[in-house]
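Heads up, the thing below is written out as structure tokens.
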Amino acid sequence: MIGQSMSRSHWDKIAPCYDSEIFDVLANDSNDTVLSYISRFASKKSVAGDFGCGTGKFLPTLSKQFRLVHATDISGECLKIARQRCSKLQNIEYQRVNIADDSARLAKVDFALSVNVAIMACRRTLAGILKKISESLRPGGYFVLVVPSLESMLFAEFRLIQWNLKSGMTHDQAISASVEEAEGSLDLRLQEGLVDIDGVATKHYLKEELIVLLKELQFDIDAIEKVKYDWSTEFADPPGWMKEPYPWDWLIVSKKQKA
């Protein structure tokens, strides 16, 4: 996964090359897991929110299945591209806002989607994002959250070492080569789930960690799934024997408790 900062200027700069720079969950989701959960909670009577919508990859799907969609993002440039992409869709309202800001005012929604948005290194920022989404979601509403998996990242490291060993390296060589390949990604506060991805500290989550965080925000856990990807999303030209289990993000579905 590609980690990013929360800077508005950073995202505005990224926007023109968003499709090539930012990992596309929708395109790489092998089993359409995210789409299946959107469909599960879809209703033409309900309002959906895409929190951190980027350039709007999920907006056409949400627009088709909900009465109204609120698309929020920190970047005006990303929202401009999202508007262009969805120019024929009349039931989407756009808002440029930092959803981690305590003063942010968000519309009330019945269904919330957030895909690889809560990935910053700052614990306070992460907490702010989840808190604001919780406040926006009406009681009884469902929240589909997708985030990078710490378990998957460690498993990919294991697979890389295994690959090196099968290529004829000694154990020490395999370990050394995997560290060089990862460019030091394991050197950054792993106990906090922070991984260096392309020079950016990126938050990865344990499954149990997600359960604890959402329960603290008064959510009931409904389901936890793996959003599975091909090994080519982790390695260039992975060997043919490298099949299941595949790398994954965590998708956690939770229901906001009623007062």
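Which residue, 49, 76, 140, has the most motion in a Gaussian network model of the chain that connects Cα atoms within less than 10 Å?
140
For the chain, with a Gaussian network of springs between Cα atoms less than 10 Å apart, report the residue from 95, 84, 191 with the top mean-square fluctuation.
191
Please report, in debye to the nearest 20, how large the charge dipole of the chain is about its Cα centre when each Lys and Arg carries +1 at its beta carbon and each Asp and Glu carries -1 there. Write out the running numbers ahead of the final one.
Numbers: 32 positive and 35 negative charges, 349 e Å.
Taking the Cα centre of the chain as origin, the dipole is about 1680 debye.
For every helix of n ≥ 4 consecutive DSSP H residues, a contribution of -39,500 (n - 2.57) applies; sum these over the chain, divide by its total residues, and give [θ] at 222 nm rounded to the nearest 500 deg cm²/dmol.
Result for the chain, helices only: -10500 deg cm²/dmol.
Return the lysines within reach of residue 215: Cα separation strictly under 23 angstrom, same-chain partners fewer than 8 residues apart disregarded; answer none if there are no such residues.
Cα-Cα hits under 23 Å: 108, 131, 132, 203, 207, 226, 255, 256, 258.
Once the other residues with Cβ under 12 Å from the Cβ of residue 80 are scored (Lys, Arg +1; Asp, Glu -1), what is the net sum?
On the way: positive: 83, 85, 96; negative: 12, 73, 77.
Charge balance near residue 80 sits at 0.
No solvent, one uniform scatterer per C-alpha: report log10 I(q)/I(0) for the chain via the Debye equation at q = 0.13, 0.17 1/Å, two decimals.
So the normalised log intensities work out to -0.83, -1.37.
Which residues make up the longest stretch of the chain that has no trypsin sites (Lys or Arg not before Pro) in a DSSP loop with at most 15 other Cβ atoms within 10 Å? Write out the running numbers ahead of the final one.
Values: sites that count: 88, 105, 108, 189, 243, 258.
Excluding the exposed sites themselves, the longest stretch runs over 1-87.
If you build a Gaussian network model of the chain, linking Cα atoms that sit under 10 Å apart, which residue out of 163, 241, 11 swings the most?
Highest fluctuation among the options: 241.
Just so you know, all these numbers are worked out from the coordinates, no wet-lab data involved. These numbers come from a predicted model, not from an experiment. Note that we place each Cβ from the backbone using ideal geometry, even for glycine, and neighbour counts take in every protein chain shown.
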